[in-house]
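Enquirer: I'd like to ask you about the structure that follows.
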Amino acid sequence: MTFTVLPPPSSGGICLVEMLNILENFDLQKHGRWSPETLHLMIEAMRRAYCDRARYLGDPAFTKIPGHLITKDYARKLAKGIDRTKATPSENLAKDIRLAEEGMQTTHFSIIDHAGMAVANTYTLEHSYGSRVVVRGAGFLLNNEMLDFNRRPGQTDRAGNIGTPPNLIAPGKRMLSSQTPTIVAKDGKVFLVTGSPGGRTIINTVLCTIINVVDFHMKPRTAVDAPRLHHQWFPDRVQFEGMNQYKDAVQKLRQMGHRFDSPRRQGDAHVIWVDPKTGTYHGAADARISGKAAGY
Ligand code: DON
């Protein structure tokens with residue numbers, strides 16, 4: 001399979017590929033989609049990719065982004081570091097990053113035309129009306145993404161603030177996005193078009209959707225409705241929409257050291273899946289916020 005994803009200054013593509021590369025070292029199907037084993041491995045992949053996001057990612061015009069992040073070799077090394085029986089404390093992954101002691105405006109469209117040309121478009125303003133500036137003659141608003149920068153140098157903390165150098169504010173620099181509009185192709189043909197809003201959760205929403213469709217062969221409706229999982233390195237906690245549904249798995253994961261936040265709604269993914277057998281397009285709009293699938 002080939003994945004067409006967004007390059008920096010979005011972290012979406014790199015993190016998604018890094019997580020998928022890690023996860024391909026394990027047989028998720030054998031364990032089942034909602035088993036503690038699969039959930040544990042997904043959380044651990046998320047934790048590692050988001051740690052690298054903090055350590056390395058920012059506007060490539062200002063920051064050298066190491067090429068190894070998306071290599072299979074690197075993913076294999078990370079996969080080997082995953083303890084299958086317990087959660088890795090996020091702090092252990094980043095001894096080099098000093099830890100301090102202590103939206104409603106993004107949407108995604110998935111589009112495919114009769115000739116099979118696909119567009120995955122995530123659109124973000126950040127604040128209502130963005131920067132409140134409309135481009136003369138073009139009719140669209142400019143966004144205001146200043147909150148996507150690391151705001152306070154050195155202030156990386158357990159609450160989830162990041163103060164690492166790659167994404168600090170600088171003149172002319174673009175802020176690190178998490179947008180992950182993604183096109184998955186199989187044998188050179190579009191297979192899946194997806195993406196979501198949701199700030200830092202976006203990348204994990206897309207990961208969950210891809211795992212559901214590609215590894216667990218869910219139809220788009222089921223894949224979009226399925227409970228989502230999020231871990232972003234810090235806070236060192238898991239958000240899992242399926243906490244009440246998959247109590248046994250959650251209990252096992254707790255015993256392994258994962259800590260959970262109360263479940264909350266994650267993302268608003270929109271999916272088009274192309275049935276490889278018939279070439280028929282199947283669209284599914286997320287019911288979590290709004291939207292609909294339509295064909296013309
Ligand atoms: O580019 C980004 O990562 C953010 N500006 C996205 C913000 C977002 O998804 C808010 N929506 N719920």
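The values are calculated or read from the model by the stated rules, or taken from the named source; none is laboratory data. Just so it is clear, the model here is predicted, and its values are computed rather than measured. Quick reminder, even Gly has a Cβ in these numbers, built from the backbone with ideal geometry, and neighbours come from all protein chains shown. These accessible areas exclude ligands, DNA and RNA; they are computed on the full protein's heavy atoms, side chains included. Shrake-Rupley method; radii C 1.70, N 1.55, O 1.52, S 1.80 Å.
Enquirer: Using a 1.4 Å probe, how large is the accessible area of PHE140, given in Å² and rounded to the nearest 10?
Expert: Surface accessible to solvent at PHE140 totals approximately 100 Å².
Enquirer: Continuing with the same structure: What order do ASP148, ASP52 take when sorted by accessible area (1.4 Å probe), most exposed first?
Expert: Details: ASP148 40, ASP52 5 Å².
Highest to lowest solvent-accessible surface, that is ASP148, ASP52.
Enquirer: May I ask you to give the solvent-accessible area per residue for the chain, in square angstrom, as obtained with a 1.4 angstrom probe? Display every interim value, and only then the final one.
Expert: Numbers: 14620 Å² over 296 residues.
Accessible area per residue, the chain: 49 Å².
Enquirer: Ordering THR180, THR71, THR4, THR201 from largest to smallest accessible area (1.4 angstrom probe), what's the sequence?
Expert: The most accessible residue leads, giving THR4, THR71, THR201, THR180.
Enquirer: Estimate the FRET efficiency between TYR129 and LYS186 by the formula 1/(1 + (r/R0)^6), using the beta-carbon distance for r and 41 Å for R0, to the nearest 0.05.
Expert: Here the calculated transfer efficiency is 0.55.
Enquirer: If you don't mind, another one. Using a 1.4 angstrom probe and counting only protein chains, how large is the accessible area of THR194 in Å², to 10?
Expert: Probe radius 1.4 Å; accessible area of THR194 about 0 Å².
Enquirer: Using the Kirkwood radius over Cα pairs, work out the Stokes-Einstein diffusion coefficient for region 1-86 at 10 °C and 1.306 mPa s, in µm²/s as a whole number.
Expert: Taking Rh from Cα pairs, D becomes 118 µm²/s.
Enquirer: Return P(r) of region 53-93 (all Cα-Cα pairs; 10 Å bins starting at 0; whole %; ordered from short to long distances).
Expert: Here the calculated profile for region 53-93 is 23, 43, 28, 6, 0.
Enquirer: To the nearest 10 Å², what's PHE109's accessible area with a 1.4 Å probe?
Expert: 100
Enquirer: Starting from the Kirkwood radius over alpha-carbon pairs of the chain, derive D by Stokes-Einstein at 37 °C in a medium of 0.692 mPa s and give it in µm² s⁻¹.
Expert: So the translational diffusion coefficient is about 167 µm²/s.
Enquirer: Among residues other than PHE260 whose Cβ falls under 13 Å from its Cβ, what is the net charge (Lys/Arg +1, Asp/Glu -1)?
Expert: For residues surrounding PHE260, the net value is +3.
Enquirer: Largest first and in whole Å, give the semi-axes of region 182-296's equivalent ellipsoid, each being the square root of 5 times a Cα gyration tensor eigenvalue.
Expert: Ellipsoid semi-axes (Å, largest first): 28, 14, 13.
Enquirer: Normalized C-alpha radius of gyration of region 234-296, against 2.2 N^0.38 Å?
Expert: 1.59
Enquirer: Got a sec to turn the phi values of region 20-28 into Karplus ³J(HN,Hα) couplings, 6.51 cos²θ - 1.76 cosθ + 1.60 with θ = phi - 60°, whole Hz, x for Gly and Pro?
Expert: My calculation for region 20-28 gives 5, 4, 5, 5, 6, 7, 10, 9, 5 Hz in order.
Enquirer: Next up: Using θ = phi - 60° and the Karplus curve 6.51 cos²θ - 1.76 cosθ + 1.60, what whole-Hz ³J(HN,Hα) does each residue of region 178-195 get, with Gly and Pro shown as x?
Expert: Values per residue, Gly and Pro as x: 10, 4, 9, x, 9, 10, 9, 10, 10, 6, x, 10, 4, 10, 8, 10, 7, x Hz.
Enquirer: Rounded to the nearest percent, how much of the accessible area of the chain (1.4 Å probe, protein heavy atoms only) is carbon and sulfur?
Expert: Taking all protein chains in place, the chain shows 53 percent carbon and sulfur surface.
Enquirer: Here's another thing I want to ask about it. Using a 1.4 angstrom probe on the protein heavy atoms only, line up VAL190, VAL134 by accessible area, largest first.
Expert: VAL134, VAL190
Enquirer: Continuing with the same structure: With each label point set 7 Å from Cα along the Cα-Cβ vector, what nm distance links ARG152 and PHE109?
Expert: Here the answer is 4.0 nm between the modelled labels.
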